[in-house]
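Contents: one structure, followed by commentary.
Throughout, read-outs are computed from the coordinates displayed, never taken from laboratory work. Note that the structure is predicted; figures quoted are calculated from it, not measured. A quick note on method: Cβ atoms are made from the backbone with ideal geometry, for glycine too, and the neighbour counts reach across all protein chains shown.
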């Protein structure tokens, strides 16, 4: 893949940020800055191109191949551009038991793209991901950095409608378990200690 | 308390949350609006344990207290925490590190996430105490990349704590100085393995390291390092606050204190429940989670890597502690219980688990890369596509047996053990699928309104 050589450097005007990232690690640990620098690029550009890989390699005094090796190891870095809304569907067991496979089929149908693809207009991309740690509120969709939990059919349709309009709805935060005050079994009241959160908010 | 113990006799330990002596500690403020702020934390007794440790105790006394409490690592392996801390090489004036493993990735586990989102100061306080005990000079909090809200809130909490003098130079006026650097992962289950996590932190591909040397001798950047799970560290806060005897008064012979159990799958109230060690699966599943919403046939006791049990009284009534689970051929793991309904084809469920480990295999060693990464998922695909035979089931068992115990790190066994357990308890479902070309259970729509 050939890239134009006159790309504006990403970190040129971010020297202060780069210095701050490097300062988090000891001198012998300069390479530790690779992951935070990759995150910074991806946050702005939605993926990490080869030219950014070369820039990072230069900053941490290593080769582009080494940085590429790190980039390609981790599943949440992207080597190709993703959509404005990167829809990640958790497919692991607890989500599958709550309909993740059916939700995936629905999203494929609705968005016209499959796992790993980005829509032609760059609005949506779809990725099947492994457990994102929201098993108690399955099934879960992660759109960019935001979790949408207990996404039943209705919520999924509602979420898609909003995203199509270019809006990210506020997530309905749910935690289940001990924080589910309203459905708390009465038999457990005696376990509430003074100052305990139950019964508050 | 109605039944006061007789003079000299040790009171019976608390092994049920129904025990009136039991109180929620670690999970007390999760779910409370604003609990992630320093003001809230301090007005609810926050940082008093750190103050006590730093101003009234020596580092050795802190380690002794943690040892006496019986606390064992909450990440899954269950190694005694105080003992682990005592392995750190003596201070030599050079850097030494504490690393908090917040790369929570075991399917069925989601306890650390809510601590970081709703009560990050509790974790910071635990890190301060642990660092003091081990003379750590600095620390890294490695949080999985997906937990963005937890990252933001914990990062903000670290800044609040620094401004208030709980982090940085001369904490609480003592000569102890210490700080926390947050480092975001990027989606790699293998980082739960502590040496892989250190490689990741060092800007390498997250492959595990050969042990020895153990991290306590040569870890991060070759310096002494201890890696602890989030809720191991939050447990320490309460041990220091309330004393080792309080912690030790809960649980069973080999498992002390409270633990955050998680429950998912078809039950009425999924979520995280803090319970004393030794509470039974039945208490968690029925009394707290409200019972199954579909007819169950099995449950996974402690995260996807722990071998499942069939839905039988003898297993439901087992105390959730390290020893009992080990004795019964499984593990306590992270305490992430997953209920599997009858209508879910067990081969399909295990394919889901196998696919996860296949995706997460780091590629370092051959048994895992080839066996877990390629052979197992393909054999499951063949069976599920209706193209398998009984010989394939035998081959699956043989492949699993050849991988187990032969891989570089525990990831491969984490995949193999649940596969073998499913073959042990639900062999007839494999046979049915292999013989008939279709699953015994036909339900194919699990998505609710």
**Message:** I need B:163, B:125 ordered by Cβ neighbour count within 10 Å, fewest first.
**Reply:** B:163, B:125
**Message:** Which of A:142, A:15, A:80 ends up with the largest GNM mean-square fluctuation for chain A, with Cα atoms connected below 10 Å?
**Reply:** A:15
**Message:** Could you work out [θ]222 nm for chain A from helices alone, using -39500 (n - 2.57) per DSSP H run of at least four and dividing by all its residues? Round to the nearest 500 deg cm²/dmol.
**Reply:** -10000 deg cm²/dmol
**Asked** Arranged by the count of other C-beta atoms within 10 angstrom, fewest first, what order do B:98, A:126 take?
**Response** A:126, B:98
**Request:** For residue B:162 and residue B:89, calculate 0.36 nm times their separation in residues minus their Cα-Cα distance, and state this gained length in nm to one decimal.
**Result:** 23.5 nm
**Asked** Using the Cα gyration tensor of region A:1-129, with a ≥ b ≥ c the square roots of its eigenvalues, what is the shape: rounded (a/c below 1.5), prolate (a/b larger than b/c) or oblate (neither)?
**Response** prolate
**Asked** Normalised by the residues of region B:169-218, what does the relative contact order come to in percent, with Cα pairs under 8 Å and at least six apart?
**Response** 21
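Kindly state, to the nearest 0.05, the FRET efficiency for residue B:295 paired with residue B:9, given R0 = 35 Å and r defined as their beta-carbon distance.
0.20
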**Prompt:** What percent do you get for the relative contact order of chain B when only Cα pairs under 8 Å and 6+ apart count?
**Reply:** 16
**Asked** Mean shadow of chain B, computed from the convex hull of its alpha carbons, in nm²?
**Response** 22.3
**Among beta bridges that DSSP assigns inside chain B, antiparallel share in %, nearest 5** = 45
**Asked** Using a Förster distance of 30 Å, how high is the FRET efficiency between residue B:152 and residue A:13, based on the Cβ-Cβ distance and rounded to 0.05?
**Response** 0.80
**Fill in**
Each label sits 7 Å from Cα toward the beta-carbon; between residue B:314 and residue B:370 the label points are separated, in nm, by 3.9
**Request:** Classify region B:299-449 as rounded, prolate or oblate from the Cα gyration tensor: take a ≥ b ≥ c as the square roots of its eigenvalues, call it rounded if a/c is under 1.5, otherwise prolate when a/b beats b/c and oblate if not.
**Result:** oblate
**Request:** Can you figure out the FRET efficiency of residue B:390 with residue B:282, using R₀ = 22 Å and their beta-carbon distance, to the nearest 0.05?
**Result:** 0.05
**Fill in**
GNM of chain B, Cα pairs under 10 angstrom: of B:424, B:297, B:94, the biggest fluctuation goes to B:94
**Request:** Report, in whole Å, the centroid distance computed from the Cα atoms of region A:52-95 and region A:17-49.
**Result:** 12
**Message:** Just want to confirm a number: the relative contact order over region B:356-397, from Cα pairs under 8 angstrom separated by 6+ residues, in percent.
**Reply:** 29
**Alpha-carbon centroid distance for the pair region B:359-379 / region B:32-56, whole angstrom** = 45
**Complete:** Ordered by fewest other Cβ atoms within 10 Å, a rough proxy for footprinting exposure, B:221, B:151 read B:221, B:151
**Request:** Could you tell me whether the protein assembly as shown comes out rounded, prolate or oblate from its Cα gyration tensor? Rule is a ≥ b ≥ c as square roots of the eigenvalues, rounded for a/c under 1.5, then prolate if a/b exceeds b/c, otherwise oblate.
**Result:** rounded
**Complete:** Highest GNM mean-square fluctuation among B:197, B:325, B:172, for chain B with Cα springs under 10 Å, belongs to B:172
**Message:** Run lengths n ≥ 4 of DSSP H only: what is the helix-derived mean residue ellipticity at 222 nm for chain B, with -39500 (n - 2.57) per run over all residues, to the nearest 500?
**Reply:** -11000 deg cm²/dmol
**Stretch gain in nm, segment residue A:51-residue A:105, where the contour uses 0.36 nm per residue and the Cα spacing is subtracted** = 15.9 nm
